[in-house]
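The values are calculated or read from the model by the stated rules, or taken from the named source; none is laboratory data. Nothing here was measured: the structure is a model prediction, and the numbers come from that model. With ideal geometry, Cβ positions are generated from the backbone for all residues, glycine too; neighbour counts draw on all protein chains shown. Ligands, DNA and RNA are excluded from the accessible area calculation, which covers all protein heavy atoms including side chains. Shrake-Rupley method; radii C 1.70, N 1.55, O 1.52, S 1.80 Å.
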Amino acid sequence: MIVAGNWKMFKTSKELKEFFRLSKEFKVPTNVRCIVAPSPTLLTLANQLSEGTSIEVFAQNCHWEEQGAFTGETSAAQILDCGSKGTLIGHSERRQYFAESNETCFKRLQAARKADLEVIFCVGEQLKDREQGKTEAVLEEQLKDIVKEFRSDSKVTLAYEPVWAIGTGVTATVEQVRDTHNWIRSYLEKNDCAWKILYGGSVKPNNFKELASLPEVFGGLVGGASLEAASFQALLDCLTDL
Ligand code: 13P
């Protein structure tokens, strides 16, 4: 299983160093991967500090061009150059605040996989979609092109993050997570695709065990609760014996 911390626009180098210092004591359950995704400014340092620990360091996004005039963006080659072997793509905050579309997310995924970066690809519906009964239609739209091209690619993991549950403290209920993960799983199966699926959205140490116990949930993509080492450890503890 996977516990992936999306650190968004948090942490300075001092805070990063403190996290990695404390992470040396992490007790990681067998067969669990720990991933953190810090800001681009911290990628190199995080990769250096992660050496000899059980933590992998991913980027938060990856541009579709190999290089060029794209101010504020990071290429796959630059991510690799920082020492990372993977990246998030399609996070809802990118889609919501930076106008990323299904098309640009798809292009980013193509570029990342071309460079052999592992990808955690994020999908999820907004509250209005759910209220209008459009959750599945929105997910299908987000998934259809990427499934066609990457169905047999084991270096793609999906993260289902309902936008209304991100950073709001509102976690989807276990039933909502189960039903939506089941729908995604059957959609993937119909398309001969066996990607693993993480859940994200207000995952905390007090709800993670129940969510991660669902057979379709392969772990979590966690924001706030992944920032502090103690809380990260508490998330890892939830996966013991699962
Ligand atoms: P929170 O866990 O803070 O709700 O963030 C979830 C998320 O966006 C992870 O990518």
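Structural remarks
- Note on Phe10 and Thr71: the model spin-label points, each 7 Å out from Cα along the C-beta direction, lie 3.0 nm apart.
- Calculated over region 84-239: convex hull of Cα atoms, volume per residue (Å³): 114
- In this structure, Gln132 and Glu51 have a Cβ-Cβ separation that, at R0 = 51 Å, corresponds to a calculated FRET efficiency of about 0.60.
- Farthest towards the positive end of the charge dipole of the chain, among the residues Ser231, Leu42, Phe26, is the Cα of Phe26, using unit charges on the Cβ of Lys, Arg, Asp and Glu.
- Under a Gaussian network description of the chain, with springs only between Cα atoms under 10 Å, the residue in Tyr199, Tyr160, Tyr187 that fluctuates furthest is Tyr187.
- With 25 Å as the limit, the listed pairs Lys11/Lys85; Lys11/Lys155; Lys85/Lys196; Lys85/Lys107; Lys11/Lys144; Lys11/Lys107 have Lys11/Lys155; Lys11/Lys144; Lys11/Lys107 beyond it between alpha carbons.
- For the chain, the dipole from Cβ point charges (+1 on Lys and Arg, -1 on Asp and Glu) about the Cα centre works out to 340 debye, to the nearest 20.
- Pairwise Cα distances in region 1-148 exceed 19 Å for 56 percent of all pairs.
- Residue-by-residue Karplus 3J(HN,Hα) for region 62-68, coefficients 6.51, -1.76, 1.60, Hz, glycine and proline x: 8, 6, 7, 8, 6, 6, x
- Most fluctuating residue given options Gly68, Gly86, Gly224, as computed from a GNM of the chain linking Cα atoms under 10 Å: Gly68
- Descending semi-axes in whole angstrom, ellipsoid equivalent of region 62-169, from the Cα gyration tensor: 25, 16, 12
- Charge-dipole axis of the chain as Lys and Arg at +1 and Asp and Glu at -1 on Cβ define it, positive-most pick from Ser13, Asn102, Thr135: Ser13
- With all protein chains modelled, accessible area of Lys85 [1.4 Å, Å²]: 150
- Around the Cα centre of region 127-239, unit charges on the Cβ atoms of Lys, Arg, Asp and Glu (plus for the first two, minus for the last two) sum to a dipole of about 80 debye.
- Taking Cys193, Cys122, Cys105 in turn, the Gaussian network model of the chain (Cα-Cα springs below 10 Å) assigns the largest fluctuation to Cys193.
- Each residue was assigned an accessible area with a 1.4 Å probe, and for Phe150 the value is about 20 Å².
- Our summary of shape: the Cα atoms of region 129-179 have principal axis extents of 33, 23, 19 Å, ordered from largest down, in whole angstrom.
- For His91, solvent-accessible area (1.4 Å; no DNA, RNA or ligand), Å²: 10
- Taking label positions 7 Å along the Cα-Cβ direction at both Glu189 and Lys85, the computed distance is 3.1 nm, reported to one decimal.
- Whole-Hz ³J(HN,Hα) from phi, Karplus 6.51 cos²θ - 1.76 cosθ + 1.60, for region 44-52, glycine and proline x: 5, 4, 4, 5, 5, 5, 7, 4, x
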